[in-house]
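A short worksheet on the structure shown next.
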Amino acid sequence: MSANGGPLLRLDAVDTFYGPIHILQGLTLEVYPGELVCLLGGNASGKSTTLKTILGIVHPRNGSVRFGGEDVTKRSTSYRIRKGMAIVPENRRLFGPMTVLENLQMGAYLHGGGTKEDFDRVYTLFPLLYERRAQLAGTLSGGEQQMVAMGRALMAKPQLLLMDEPSMGLAPILVERSFEIIEQVNDAGVAMLVVEQNANVSLSIADRGYVLSTGRLVLEGKAADLREDEDLRKAYLGR
């Protein structure tokens, strides 16, 4: 949490470029401690660039990124991860030939491979991972792999968990289960920014939402309000 009780994460008037191409245009967004916030938009809306900017993979030309009350705009990705960011990447990106246990240990490499308490916390959230700890991650179902990916990220003891398209490649029934897991992790006190195209399911569990279109913020507000506004849904959420 930031020292003054303000936002845990704040992007302020961020302009991000790829060469001459202006991707993010004056983007401002916030995530407060314990909040679940979704960032919505279609392909080429700037969602992935927003995540890369938050993580420090790309640096904005203008504007700032603050995390935990500190300006981290020019800081490295590894510094931000040590400060308490973690990501569950798109398509989960597990180490398939390694066991579930080894994948979890990889998540805690900055903390010496993880303490018993770290593993206990993950196994309490995901009892199935304890049962499958010796199984190769690549042999698990999509939903089970999602649990491993989230468990691996949680081993880093994040204050903020970034989720990149968690519903991607999952069958509809698994999407629902995946978002139940996301809610569970958020209920355990971890602030989350969920980047998604699936507006309905994201807004059903989020506190607040932002909608991006071609690098600009076009909508923001309480998730329940965004979900109920027919005009907004038709215009920007493809519903």
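At 0.890 mPa s and 25 °C, plugging the Kirkwood radius over alpha-carbon pairs of the chain into Stokes-Einstein gives what diffusion coefficient in µm²/s? Write out the running numbers ahead of the final one.
On the way: Rh = 18.1 Å.
In µm²/s, the coefficient rounds to 135.
Which value in deg cm²/dmol, rounded to the nearest 500, describes the helix-derived mean residue ellipticity at 222 nm for the chain, given -39,500 (n - 2.57) per DSSP H run of n ≥ 4 and division by the residue count? Display every interim value, and only then the final one.
Values: 10 runs with 88 residues, N = 239.
That comes out to -10500 deg cm²/dmol.
In the chain, a dipole from Cβ-located charges (positive for Lys and Arg, negative for Asp and Glu) runs towards its positive end, and of PHE126, GLY221, SER64 it is SER64 whose Cα lies farthest in that direction.
Across the chain, C-alpha contacts under 8 Å between residues 6 or more apart give a mean separation that, scaled by the residue count, equals a relative contact order of 27 percent.
Cα extents for the range 28-81 along the principal axes, largest to smallest and rounded to whole angstrom: 30, 27, 20.
Distance distribution P(r), the range 1-125, all Cα-Cα pairs, bin width 5 angstrom from 0: 2, 9, 17, 19, 19, 15, 11, 6, 2, 0 percent. Can you run the Rg to Rh ratio on the range 92-157? Use alpha carbon positions and the Kirkwood inverse-distance Rh. So for the range 92-157, dividing Rg by the Kirkwood Rh gives 0.92. Put a plus charge on the Cβ of each Lys and Arg, a minus charge on the Cβ of each Asp and Glu, and nothing anywhere else: the dipole of the chain about its Cα centre is then about 740 debye.
In this structure, the residue pairs whose Cα-Cα separation is over 31 Å, taken from LYS52/LYS222; LYS83/LYS234; LYS47/LYS116; LYS47/LYS234, are LYS83/LYS234; LYS47/LYS116. Footprinting exposure proxy ranking of GLU180, GLU144, fewest other C-beta atoms within 10 angstrom first, gives GLU180, GLU144.
Across the range 121-133, coupling constants 3J(HN,Hα) worked out from phi with the 6.51/-1.76/1.60 Karplus curve, θ = phi - 60°, read 4, 5, 5, 5, 5, 10, x, 4, 5, 5, 5, 9, 4 Hz, and Gly and Pro carry x. The residue list VAL211, VAL201, ALA44 was ranked by how far each Cα lies along the charge dipole of the chain toward its positive end, using unit charges on Cβ atoms, and ALA44 comes out on top.
With θ taken as phi - 60° and the Karplus curve 6.51 cos²θ - 1.76 cosθ + 1.60 applied, the whole-hertz 3J(HN,Hα) list for the range 22-34 is 7, 8, 8, 10, x, 6, 10, 8, 9, 10, 8, x, x Hz, x standing for glycine and proline.
No lab work stands behind these numbers, since they all come straight from the coordinates. Given the structure is predicted, the values throughout are model-derived calculations rather than measurements. Cβ atoms come from the backbone with ideal geometry, glycine included; neighbour counts cover every protein chain shown.
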